[in-house]
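Engineer: Sharing a structure with you now.
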Amino acid sequence: MDHGRRRRGAPPLAALAATRRRRRRRRPAVSTTAASSRTSGLVAFVFFGAALLAGTPPPVGLLAHAVEHYDDDDGPHENMTTAAAAASGAVDPHEVKAITLGFKKTGTETTKAIYKRLLGGKSACERPSRTRRVEAVIREGGDREDAVRAVLAVVSTAQCFEDHYWCASVEPFYADVYATYPRAKFVLTRRRDDAWWASMDRWIRCVHRTAAYVGLINELLGAERYEEAAYREAYNRRNDAVIAFFEARDPSRLLVVDWDADDTDEQQPIAWSAFCGLLEIPAAACPPDTEPLPHTNAYAHRSGAERCLEWNVTSQTFVGGGDDERGSGE
């Protein structure tokens with residue numbers, strides 16, 4: 001993906017970065033507790049490095065402690081955390097990873113809840129601060145190798161991932177993770193394209209409401225314009241590309257989840273056993289299929305009445321303008 005160029009007519013990702021910078025300036029100072037936690041993490045990194053240099057096995061869990069505590073808050077330390085984790089060479093490339101490749105508004109938050117249940121709780125999944133780190137590399141317009149290194153460094157620090165740059169349809173990163181982590185498993189979440197478009201359209205017009213966010217989604221989806229036909233076509237095309245990639249290599253590493261499936265469909269509704277089988281969870285540790293899967297709805301986190309804007313398909317702008325401060329890229 002050429003992140004150094006923008007398609008004509010696509011709102012600049014620089015606008016999204018500017019919004020992030022404005023938000024960052026408004027953040028309160030780091031608390032004493034967070035600073036203390038990062039100091040603890042830094043000390044752990046030092047001892048970990050010293051053990052490696054001395055040729056002695058580092059204490060079990062030391063690297064995990066370093067990453068967990070040094071990354072407790074956003075700030076100038078962000079790049080060091082992933083770089084140290086990746087450079088250490090101690091991350092097991094054969095560890096099971098769970099990566100959701102479904103596009104936004106396809107139940108990706110639900111898969112995160114499933115991963116947390118099966119893989120060890122909240123700490124198993126990628127932190128938002130690490131997500132922003134990779135996004136920053138992409139927005140700065142560096143070459144793809146820089147972005148791949150950033151992605152692989154982040155993958156080394158957790159077991160489960162979803163959303164944001166995993167949505168990318170052009171030169172996607174899942175191919176790099178597939179090759180680097182032989183036990184990485186992938187989940188493609190899908191909905192009927194008409195239901196997905198209705199949810200995506202509402203998410204853009206009623207929650208984010210900025211041209212900058214439209215530009216981000218256009219780029220992630222590989223769509224030239226924000227309109228129903230273009231979005232549904234691009235959405236189906238990217239899903240087909242994901243399936244084709246795994247069918248040509250190892251189909252067993254991909255689980256396709258159709259949330260709209262019911263008992264009348266050819267594909268039965270998804271259950272715990274499907275996720276447990278994919279992630280190599282022993283049957284004895286897997287929740288019974290009679291237990292409903294969790295259901296997480298991102299709209300539930302939004303408070304207050306929605307104020308939806310109209311989108312002019314011809315001019316590709318919001319009618320009456322958008323809310324500049326809402327283009328968060330979430």
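Engineer: With ARG191, ARG144, ARG133, ARG205 as the choices, which residue is touching an Asp or Glu at 6+ places or on another chain (Cβ under 8 Å) and surrounded by fewer than 16 Cβ atoms within 10 Å (Cβ to Cβ)?
Structural biologist: None of the other options fit; the residue is ARG144.
Engineer: Kindly establish whether ALA244 is at pLDDT 90 or above and either in contact with a Ser or Thr (Cβ under 9 Å, 6 or more places away or on another chain) or among the hydrophobic types (A, V, I, L, M, F, W, C) (or both).
Structural biologist: Considered against the rule, which asks whether it is at pLDDT 90 or above and either in contact with a Ser or Thr (Cβ under 9 Å, 6 or more places away or on another chain) or among the hydrophobic types (A, V, I, L, M, F, W, C) (or both), ALA244 comes out as yes.
Engineer: Residues being touching a residue at least 60 places away in the same chain (Cβ under 8 Å) and closer than 15 Å to THR111 by Cβ: count how many of those fall in region 273-286.
Structural biologist: 5
Engineer: Has region 154-175 got any residue that is farther than 17 Å from VAL257 by Cβ, at pLDDT below 85 and of a type in the set (Phe, Trp, Tyr)?
Structural biologist: Scanning region 154-175, I find at least one residue that is farther than 17 Å from VAL257 by Cβ, at pLDDT below 85 and of a type in the set (Phe, Trp, Tyr), so the answer is yes.
Engineer: Yes or no: region 88-97 includes at least one residue that is part of a strand (DSSP E or B), at pLDDT 85 or above, under 26 Å from ALA244 (Cβ atoms) and open to solvent by less than 10 Å² (accessible area, probe 1.4 Å).
Structural biologist: Yes, some residue in region 88-97 is part of a strand (DSSP E or B), at pLDDT 85 or above, under 26 Å from ALA244 (Cβ atoms) and open to solvent by less than 10 Å² (accessible area, probe 1.4 Å).
Engineer: What is the residue count in region 270-322 for residues that are in a helix (DSSP H, G or I), of a type outside the set (Ser, Thr, Tyr) and at pLDDT 70 or above?
Structural biologist: Residues meeting the conditions: 9.
Engineer: Further question: With the condition kept exactly as written, say whether any residue in region 153-174 is closer than 21 Å to HIS295 by Cβ, touching a Pro at 6+ places or on another chain (Cβ under 6 Å) and not acidic (Asp, Glu).
Structural biologist: Scanning region 153-174 turns up no residue that is closer than 21 Å to HIS295 by Cβ, touching a Pro at 6+ places or on another chain (Cβ under 6 Å) and not acidic (Asp, Glu).
Engineer: Across region 147-172, what is the total count of residues that are within 15 Å of ALA241 (Cβ to Cβ) and open to solvent by 10 Å² or more (accessible area, probe 1.4 Å)?
Structural biologist: 4
The values are calculated or read from the model by the stated rules, or taken from the named source; none is laboratory data. These numbers come from a predicted model, not from an experiment. Backbone-built Cβ (ideal geometry, glycine too); neighbour counts: all protein chains shown. Surface areas here come from the heavy atoms of the whole protein model, side chains and all, with no ligands, DNA or RNA. Shrake-Rupley method; radii C 1.70, N 1.55, O 1.52, S 1.80 Å.
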